[in-house]
Amino acid sequence: MPSHVSDVRFGAQMAAGAGLGMIPLGMAFGLLVIQYGQPWWLAPALSFFIYSGSAELLAVALISAHAPVLTILLTIFFVNVRHVFYAFSYPIAQLTHPLARMYCVYSLTDETYAITTSHPGVWNQRRLVSLQAVLQACWVGGGLLGVAIGGFLPGQIRGVNFALVALFIVLALDAFHARRDIPGVLGAGLAFVLAQLCAPSALLPVAMSLFALFLVVRFVVRTRFKKNDDAARSPRGASGEEGEL
């Protein structure tokens with residue numbers, strides 16, 4: 001078997017597990033597009049131009065609520081900003097062709113990051129492109145199935161729009177169980193309350209901006225305290241203290 005065929009097959013096989021999970025999620029997204037009264041083509045359009053499940057679900061809800069364009073863009077930015085940090089451990093050095101690099105950077109998702117980092121040292125350009133193309137095909141295909149099913153339904157299904165809320169509740173609970181970051185939860189709650197009081201018409205972007213500011217301030221404070229603590233525990237700091245005594 002030619003090496004390029006073997007590489008494409010390897011990428012597809014690695015994508016199979018996550019891809020099968022993305023199909024029903026994509027179907028829920030497509031169904032949600034129809035339930036919100038949006039045209040069917042919005043599902044594949046968002047899947048190509050945004051290609052981020054949580055951001056796409058938020059975008060549909062905000063578009064249906066006639067939110068300002070700036071609010072939609074800021075929300076998508078804050079939801080997807082974590083992808084910037086994936087580049088530190090993603091095997092981007094394997095992508096030598098400009099088009100391959102552009103596509104893989106564009107289509108980098110949580111699933112792709114999890115697969116590539118859990119199997120280090122086995123990736124080349126063809127395998128990465130194959131992996132990410134199969135995952136995106138599963139998501140887009142699931143969305144098209146969802147809009148097709150939604151088109152045959154006689155009316156609205158109550159509670160489908162709660163899928164967005166449920167998704168973020170699960171993500172928040174998983175993140176909390178993984179890190180037990182109580183100050184972070186309190187900071188998020190405080191940011192929401194302040195945004196609700198000060199800018200209810202732009203609640204989401206203001207709350208996210210305040211929470212991002214809280215995280216930056218906390219990081220700076222923690223870093224400074226850690227440096228001071230390390231300096232106090234260093235041999236030079238200890239000898240200085242003994243000299244003063």
- [ ] Looking at (1) surrounded by fewer than 17 Cβ atoms within 10 Å (Cβ to Cβ); (2) of a type in the set (A, V, I, L, M); (3) without any contact (Cβ under 8 Å) to a residue 40 or more places away in the chain, find the lone condition where ILE76 falls short.
- [x] (1)
Open item on the list: Need the failing condition index for PRO39 against (1) farther than 25 Å from LEU131 by Cβ; (2) in a helix (DSSP H, G or I), just the number.
Closed with: (2)
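Quick one: which of ALA59, ALA55, ALA67 is of a type in the set (Gly, Ala, Ser), outside any helix (DSSP H, G or I) and surrounded by 14 or more Cβ atoms within 10 Å (Cβ to Cβ)?
ALA67
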Task: Test: residue in segment 191-199 that is outside the structural domain of ARG101 (by TED's automatic domain parsing), at pLDDT below 85 and not aromatic (Phe, Trp, Tyr) - done: yes
Open item on the list: Taking the condition of being surrounded by 16 or more Cβ atoms within 10 Å (Cβ to Cβ), part of a helix (DSSP H, G or I) and in contact (Cβ under 8 Å) with a residue 24 or more places away in the chain, how many residues in segment 81-107 meet it?
Closed with: 6
Task: Subset of segment 111-129 [exposed (fewer than 15 other Cβ atoms within 10 Å of the Cβ) and assigned to a helix (DSSP H, G or I)] - done: ALA114, THR117, SER118
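The values are calculated or read from the model by the stated rules, or taken from the named source; none is laboratory data. Since we're looking at a predicted model, the values are computed, not measured. Quick reminder, even Gly has a Cβ in these numbers, built from the backbone with ideal geometry, and neighbours come from all protein chains shown.
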